[in-house]
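Values quoted throughout were computed directly from the atomic coordinates according to the rules given, and no laboratory measurement underlies them. Quick caveat, the model's predicted, so the values are computed rather than measured. Cβ coordinates were reconstructed from backbone atoms using ideal geometry, including for glycine residues, and neighbour counts include every protein chain displayed.
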Amino acid sequence: MTQPTAKDKPAGSHDMWGGRFSSGPSSVLEAINSSVGIDQRLAEQDIAGSLAHAAMLAACGIISSEDARDISAGLEAIREDIRAGRFEWKTSLEDVHMNIEAALKDRIGAPAGRLHTARSRNDQVATDFRLWLREACARAEQGLRRYQAALLDQAETHADWVMPGFTHLQTAQPVSLGHHLLCWAEAAERDIGRLADARRRMNESPLGAAALAGTAFPIDREMTAKALGFDRPMNNSLDAVSSRDFALEALAAAAITAVNLSRFAEEIVLWCSRRFGFATLSDAWSTGSSIMPQKRNPDAAELVRAKPGRIAGALQGLILVCKGLPLAYLKDLQEDKALVFTAFDDLELAIEAMTGMAADLSFHREALEEAAGEAYSDATDLADWTVRELGLPFRDAHHVSGAIVKAAEAKGVALSALPLEDFQAVEPRIDARIFDVLGARASMESRTSFGGTSPARVREQCAALRNRLQEASR
Ligand code: ARG
């Protein structure tokens with residue numbers, strides 16, 4: 001067998017460091033080493049970074065303006081090819097960076113070789129990844145704003161609908177359905193804040209850190225940072241190429257968001273079950289069963305409920321990849337992108353699904369109101385009345401109310417249907433005014449403390465959120 005000559009050998013990453021190497025990589029090395037199947041998602045960011053770098057090199061007199069012009073034109077043409085799906089990605093070229101650089105060489109020849117001056121793939125990939133993740137966080141934040149808007153519309157419509165509030169999943173006290181829905185909008189507000197914090201903190205430019213130590217070329221890192229929309233260049237070149245805590249932080253924010261979404265998703269599953277019967281999802285958000293013709297399944301809600309498994313799993317995965325890594329760049333870090341990409345894909349889809357379901361849910365007023373009045377959910381209101389009107393210490397009032405609940409339970413009636421004599425048998429000073437505070441609706445309406453569930457308070461919170469959303473959209 002004759003050795004293939006350099007001429008008929010397919011283009012490969014070994015060509016890039018050809019000087020020192022006499023044979024190509026084993027096919028298994030190529031398989032484990034190649035990341036282009038995953039990091040080609042960074043193509044837009046990679047080209048933006050290279051355009052900024054080339055312009056800076058020319059501005060600093062490191063390459064000629066003619067070369068910079070050719071490089072830019074070549075990169076823009078490659079970008080068109082990629083957008084049009086015409087670009088041929090080669091596994092043998094390892095990653096997105098070398099695929100694009102090799103294509104540039106094919107297109108413009110020698111000047112392509114000058115682009116990588118004062119740069120390394122180490123600062124290049126860190127730059128691309130920050131640019132990508134910055135956008136992904138912003139998209140998730142915008143998605144969460146739309147989710148909040150859907151919750152708000154429903155909360156406004158249902159501000160004075162009464163439903164059971166639960167603790168331990170046991171009927172506790174009546175609450176407004178609008179209040180319950182706004183709770184998830186509050187959680188989303190914090191999720192948005194965490195994503196925005198992560199986004200702001202990651203918005204520093206690694207570009208120009210080169211392999212790890214900076215460069216002897218007279219580059220202008222401020223210029224590339226500004227061109228790419230970063231707030232400033234990173235202070236430490238070692239940090240610039242080796243840190244991935246920006247990705248961990250974004251994943252942590254994503255994982256917490258997923259957990260919050262999964263909790264409402266679980267409530268949707270419960271509410272749409274026959275046992276609860278609080279709500280229905282339309283056909284657009286229900287699936288059937290292949291065997292049981294009567295079924296309507298809330299699959300999307302169940303899948304959102306499962307997403308923390310994947311997203312918190314990605315966080316855990318990247319934490320373990322990064323743990324114990326010394327400075328500076330190490331190939332382990334290449335494993336960061338698949339985890340982050342799938343986690344943010346999952347997150348965006350989960351947010352969209354929750355937005356769709358939040359808007360779609362139709363609620364069953366009577367079932368909610370009936371359930372709200374069950375299980376002596378107004379027992380606290382009875383106790384509170386005896387504190388207010390009779391001056392009982394709350395601990396004694398609790399006892400009195402408990403004894404009255406017991407009597408009502410024995411008769412199988414609600415407190416509001418229990419004869420006054422039965423109240424008086426436990427506490428003789430109770431009078432007929434007690435009936436004003438009993439029942440689910442009266443209970444809900446009475447809770448007017450700030451942040452409480454009375455419809456008036458809920459409407460206040462709706463208006464405040466409406467303002468926040470308007471502010472955020474400006
Ligand atoms: N594909 C690599 C990554 O994602 C790019 C950096 C490679 N650097 C290197 N020195 N081999 O991390």
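For the peptides 329-339, 423-433, what is the packing order when you average, over each peptide's residues, the other Cβ atoms within 10 Å and list the highest mean first?
329-339, 423-433
Could you work out the helix-only [θ] at 222 nm for the chain, with each DSSP H run of four or more residues adding -39,500 (n - 2.57) and the total divided by the number of residues, to the nearest 500 deg cm²/dmol?
That comes out to -20000 deg cm²/dmol.
If you average 1/r over every pair of different alpha-carbon atoms in region 1-128 and take one over that average, what Kirkwood value in Å do you get?
Computed over region 1-128, the radius equals 15.4 Å.
Just for the Cα atoms in region 168-260, what are the lengths along the principal axes, largest first, rounded to whole Å?
Sorted from largest, the Cα extents of region 168-260 read 70, 23, 14 Å.
I'd like the orientation of helix 96-108 relative to the chain: the angle between its Cα long axis and the longest Cα principal axis, in ° from 0 to 90, rounded to 10.
Around 40 degrees separate the two axes.
Would you please report the Å³ per residue occupied by the convex hull of the alpha carbon atoms in region 18-82?
It is 129 Å³ per residue.
What is the spin-label model distance, in nm, from E366 to K226 if the labels are put 7 Å beyond Cα along the C-beta direction?
Here the answer is 6.9 nm between the modelled labels.
When 1/r is averaged over all different Cα pairs and the result inverted, which Kirkwood radius in Å belongs to region 323-453?
Answer for region 323-453: a Kirkwood hydrodynamic radius of 19.2 Å.
Please compute the modelled spin-label separation between D431 and S27, points set 7 Å along Cα→Cβ, answer in nm with one decimal.
My value for the distance between the label points is 9.5 nm.
For every other residue with a beta carbon closer than 14 angstrom to the beta carbon of I319, add +1 if it is Lys or Arg and -1 if Asp or Glu, then tell me the sum.
-3
What ranking of V437, V96 emerges when the number of other C-beta atoms within 10 Å of each C-beta is taken as an exposure proxy, fewest first?
Ascending number of Cβ neighbours within 10 Å: V437, V96.
Could you list L349, L182, L361 in order of exposure, starting from the residue whose Cβ has the fewest other Cβ atoms within 10 Å?
Fewest-to-most Cβ neighbours within 10 Å comes out as L349, L361, L182.
Tell me which lysines have Cα within less than 23 Å of K90's Cα, excluding those fewer than 8 residues away on the same chain?
Qualifying lysines at Cα under 23 Å: K7, K9, K105, K331, K337.
So how compact is the chain: Cα radius of gyration and Dmax in angstrom?
Using the Cα atoms of the chain, the pair Rg, Dmax is 31.1, 109 Å.
Roughly what % antiparallel, to the nearest 5, for the DSSP beta bridges in the chain?
80 percent
Could you name the aspartates and glutamates in cross-link range of K323, using Cα to Cα under 16 Å and dropping any fewer than eight places away on the same chain?
D239, D245, E249, D332, E335, D336
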